[in-house]
């Protein structure tokens, strides 16, 4: 998703086909142990990502054949897509498909915990970190390092950076305002 804020997917139960593809588009994925994940489209003689008939104003692009290999590697992604195999939460965690696998029914709580942690950080820094990571992965390393430097420099003269430094020196929690 092309949002400037972090996105967290909560997966409880089944996330198959488009449901998993939506989760793949998020920055962080959390599932319950009883979750079932998969891209079964080849069993219907189509491929993941072919949701153009269902896209609404291009707010979401499926992208299963593109996002899955970037998370789990080409070989694992090919096996999952070619076979349409469904996997459980623990397997999803071990292959890097999800960030956390928690007891069934607790994925939402874990997502809220992570969201609260992120919310304590400088919002402009989070935005720049997300931009550097997302855009940096699409370009060569030298360009990505320049992008990272540009993102860093954009933060140097912000009120939030000064607040962060002051809070650190005064041993208190910072109060960021997003400026």
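Want the number for residue 153 to residue 141: 0.36 nm per residue separation, take away the alpha-carbon distance, what's left?
Numbers: separation 12, 0.36 × 12 = 4.32 nm, distance 1.83 nm.
Additional length available on full extension: 2.5 nm.
Determine the relative contact order of the range 73-173: mean sequence separation of Cα pairs under 8 Å and six or more apart, normalised by residue count, in whole percent.
Values: 33 pairs, mean separation 15.8, N = 101.
With pairs under 8 Å counted, the relative contact order is 16 percent.
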The chain - percent relative contact order, Cα under 8 Å, separation 6 or more: 21 percent
Hypothetical label at residue 36: residues of the range 88-115 whose amide nitrogen lies under 14 Å (7 Å Cα-Cβ projection): 88-89
Added length on full extension, which subtracts the Cα-Cα distance from 0.36 nm per residue, residue 82 to residue 5: 24.4 nm
Residue with peak Gaussian network fluctuation, the chain [Cα springs, cutoff 10 Å], from 142, 23, 14: 142
Stokes-Einstein diffusion coefficient of the chain, Kirkwood radius over Cα pairs, 10 °C, 1.306 mPa s, in µm²/s: 88 µm²/s
For the range 123-169: Kirkwood Rh in Å [reciprocal of mean 1/r, alpha carbons]: 11.3 Å
Crossing angle, helix 74-83 versus the chain [Cα axis fit, 0-90 degrees, rounded to tens]: 40 degrees
Projected label distance in nm at residue 14 and residue 46, using a 7 Å step from Cα toward the beta-carbon: 1.6 nm
DSSP beta bridges in the range 1-155 [antiparallel fraction, %, rounded to 5]: 15 percent
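No lab work stands behind these numbers, since they all come straight from the coordinates. If you're wondering where the values come from, they're calculated on a predicted model, not measured in any experiment. We place every Cβ from the backbone using ideal geometry, glycine too, and count neighbours over all the protein chains shown.
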